[in-house]
Amino acid sequence: MPTRKLDPQLAQQMLDAVAATRSPEHPDGNISLAARNLKMPLATLRSRLASARLGVTQERIGRDQLIRELVSLIGEHGPALTNVEYSRICGHGGLFRGFWPSWNAFKAEGLDRAQGAAAKAQSQAQLDALRTFLAKPRSLAEIGTKMQCASRGAALDLVDELRRSGFNVVEQEGEFRLILAVSPAYMREGLPADERYVYLSRPDNTFWFGVTADNHLGSKYERLDALNDSYDRFVRLECDRVYNCGNWIEGEFRGNRTSIHTHGLDAQLRYATRNYPLREGLTTYAVWGDDHEGWYAQNIGVDVGSRFEDKMREAGRTDWVNLGFMEAHVVLRNVNTGMESVMAVVHPGGGTAYADSYAVQKIIEHLDGGEKPAVALYGHYHKYLSGEYRNVFWILVPSTKDQDPWMRKNKIRSVVGAFACQLEQDPATGAIVGFTPKGWRYFNKGYYNDRWSHSDQPVMPERTALG
């Protein structure tokens, strides 16, 4: 849709042309006659006049734009909105006459949206109030009194709704409290009851999957080109799923606010919903980290992974599965014999190390013998490496984000790339006996010119993919 502003002089000329056609029969002017006088299509004249009156930049006004204006008017005047009141949208009583086939249907749609938006806003305001109230332990009776619930059951329904919104509300000795922490996924009860944590081998006893991490959507330094190209490669390599090791959004804290283009949890989740790659036949299984998206959890107690999965479902996307916080253990089950091994999908914490492999080696070194996974995928460090240590096959997963000013200031490089990985399983024991990682890198051509702006968009160098 074009996005140029309508010339005020041209807009006034069109308004004058309509005014010149006023008559007893057409007291507001005859827009059809004005269009003929101006030698302009009727639809063009209507939409341009609407553009001028609404103060929007689009040359043509769509139905959704008009409904948004209608919803605003309903909010001001209530449901009993008349045609005369509606005409205030454009300032011309006859401007939209005949523009839509059914004014009543159009108004009804606007009314439905207005009522739905009002109900959602009221519900959200109530949940926000409850979230604040549960900063301290509260009984159901206290919750019911504070939130003006009709019964204890209604108070419990409200608590459950807050939980469904992704907030970590716990109950202890009959009292409810919001906890600003989430348990790691591998600590859940009943491991591995949920099918999202089970990965069946192919009939030839192999697994073939893609791996990505640290996409940081919402950052000015995100590499959507590298992320989308990686998913195209996953498809070409016939991977049957993708594992994401966390930091799929940039998050927000005082050190990165000048380096992000989308601010706020829900805004970043909506942006990721629209822009995270969607490829037929590929489902992404993702953990989330203590930093970046995890900063929101630390501040308001929300389970960001569950919330993002819900946003994806609302958008009609079933290709994203939340594996939980920090570290998830995926059972690698042989489809022929049922024998199993475990793969860890991890977003660890801590800073970078003096050697790329050091952090992963120390993590594996401190695992007890009985809890070591057969395979481990590690995000967070933005590095490109794979290997084997203490009988654990591991991948240090690169990112799809360029080095930003904070990383540069702290002397941290960001390797842009991804991996695909093939595992071979012994069907008799479930042991992983074959490990074949296939990785690729993306490089920048040119230096990071003018990358230190703390207000404007960075100047991006020319990019190329090599792999």
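Data for the structure
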| quantity | calculated |
| --- | --- |
| Of all residues making up the stretch 374-384, the number that are touching a residue at least 40 places away in the same chain (Cβ under 8 Å) and in a loop (DSSP other than H, G, I, E, B) | 5 |
| Flag if residue 296 is surrounded by 16 or more Cβ atoms within 10 Å (Cβ to Cβ) and either over 24 Å from residue 209 (Cβ atoms) or more than 10 Å from the chain's Cα centre (by Cα) (or both) | yes |
| Qualifying residue in the stretch 196-205 (condition: in contact with a Gly (Cβ under 8 Å, 6 or more places away or on another chain) and assigned by TED's automatic domain parsing to the domain that holds residue 413) | no |
| Every residue from the stretch 353-370 that is among the charged types (D, E, K, R) and either surrounded by 10 or more Cβ atoms within 10 Å (Cβ to Cβ) or closer than 16 Å to residue 387 by Cα (or both) | 356, 362, 365 |
| Given (1) on the phi > 0 side of the Ramachandran plot; (2) surrounded by 20 or more Cβ atoms within 10 Å (Cβ to Cβ); (3) not hydrophobic (A, V, I, L, M, F, W, C), index of the condition residue 350 fails | (2) |
| Breaking point among (1) under 27 Å from residue 394 (Cα atoms); (2) in a loop (DSSP other than H, G, I, E, B); (3) not polar (S, T, N, Q), for residue 263 | (1) |
| Within the stretch 270-373, strands (runs of 3 or more DSSP E) holding 3 or more residues that are among the aliphatic types (A, V, I, L, M) | 327-333, 340-346 |
| Scope the stretch 257-279; condition among the polar types (S, T, N, Q) and within 13 Å of residue 217 (Cα to Cα); matching residues | 259, 262, 268, 273, 275 |
| Number of the exception - residue 427 against (1) within 26 Å of residue 303 (Cβ to Cβ); (2) out of contact with any helix residue (DSSP H, G or I) (no Cβ under 8 Å at 6 or more places or on another chain) | (1) |
| Filtered residues of the stretch 158-179 (kept if assigned to a helix (DSSP H, G or I) and out of contact with any Cys (no Cβ under 8 Å at 6 or more places or on another chain)) | 159, 160, 161, 162, 163, 164 |
| Residues (farther than 20 Å from residue 196 by Cα and buried (at least 24 other Cβ atoms within 10 Å of the Cβ)) located in the stretch 270-293 | 292, 293 |
| Residue match in the stretch 312-320 (condition: assigned by TED's automatic domain parsing to the domain that holds residue 381, over 13 Å from the mean Cα position of the chain (by Cα), under 21 Å from residue 230 (Cα atoms) and without any contact (Cβ under 8 Å) to a residue 40 or more places away in the chain) | yes |
| Any chance residue 225 is surrounded by fewer than 24 Cβ atoms within 10 Å (Cβ to Cβ) and of a type in the set (Asp, Glu) | yes |
| Output for the stretch 385-400, where each listed residue is modelled with pLDDT under 95 and either within 18 Å of residue 216 (Cα to Cα) or part of a loop (DSSP other than H, G, I, E, B) (or both) | 390, 391 |
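Here is a yes/no grid of residues against (1) in contact with a helix residue (DSSP H, G or I) (Cβ under 9 Å, 6 or more places away or on another chain); (2) among the small types (Gly, Ala, Ser):
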{"site": "166", "(1), (2)": "yes, yes"}
{"site": "172", "(1), (2)": "no, no"}
{"site": "202", "(1), (2)": "no, no"}
{"site": "231", "(1), (2)": "no, no"}
{"site": "245", "(1), (2)": "no, no"}
{"site": "250", "(1), (2)": "yes, no"}
{"site": "254", "(1), (2)": "no, no"}
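The values are calculated or read from the model by the stated rules, or taken from the named source; none is laboratory data. From a predicted model like this one, the values you see are computed outputs, not experimental measurements. Cβ atoms come from the backbone with ideal geometry, glycine included; neighbour counts cover every protein chain shown.
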